[in-house]
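Each remark here refers to the structure printed beneath this line.
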Amino acid sequence: MNALFFLLAVLTVASLVAIGYGIAIASPLATILSIIGVFVFMGLGFTLKRKLRASNS
C-alpha cells in the first residue's frame, strides 16, 4: 500500500513540475491539464488514506 501512496506522491510532484513547464512554454492547455492532474492525484491519495483508516478502525 505504501508503494501506491509513493506513486501518487511522485505523480503529484510531476504534475506540479509540469505546471511550471506549461507556464514556461506558454501553453495554457499543458498548464490546465497539469492542474487537473494535481487535483486528481491528490484527491485519490486523500480518498485512499481515508478509506484505509476507516477500514482499520
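Just so it is clear, none of the values below were taken in a lab; they were calculated from the coordinates. As the structure is a computational prediction, the values presented were derived from the model and not from experiment. Glycine gets a Cβ as well: all are built from the backbone with ideal geometry, and neighbour counts include every protein chain shown.
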Modelled label-to-label distance, Leu4 and Ala54, 7 Å Cα→beta-carbon offset: nm?
-> 1.4 nm
Mind checking the angle between helix 28-56 and the chain's longest principal axis? C-alpha axes, 0 to 90 degrees, to the nearest 10.
-> 10 degrees
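Tell me what the chain gives for mean residue ellipticity at 222 nm when only DSSP H runs of n ≥ 4 count, each as -39,500 (n - 2.57), the sum divided by the residue total, rounded to 500 deg cm²/dmol. Provide the component values of the computation, followed by the final result.
Details: 2 runs with 52 residues, N = 57.
Per the formula, -32500 deg cm²/dmol.
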Helix 2-24 sits at what angle to the longest principal axis of the chain, using alpha carbons and giving 0 to 90 degrees rounded to 10?
-> 20 degrees
How large is Rg over Rh for segment 6-49, taking Rg from the Cα atoms and Rh as the Kirkwood inverse mean of 1/r across Cα pairs?
-> 1.04
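Quote the relative contact order of segment 3-57 in percent (integer), defining contacts as alpha-carbon pairs under 8 Å separated by 6+ residues. Spell out each step's value before the answer.
Values: 38 pairs, mean separation 20.9, N = 55.
Relative contact order here is 38 percent.
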Full extension from Phe46 to Ile23: what is 0.36 nm times the residue separation minus their Cα-Cα distance, to one decimal in nm?
-> 5.6 nm
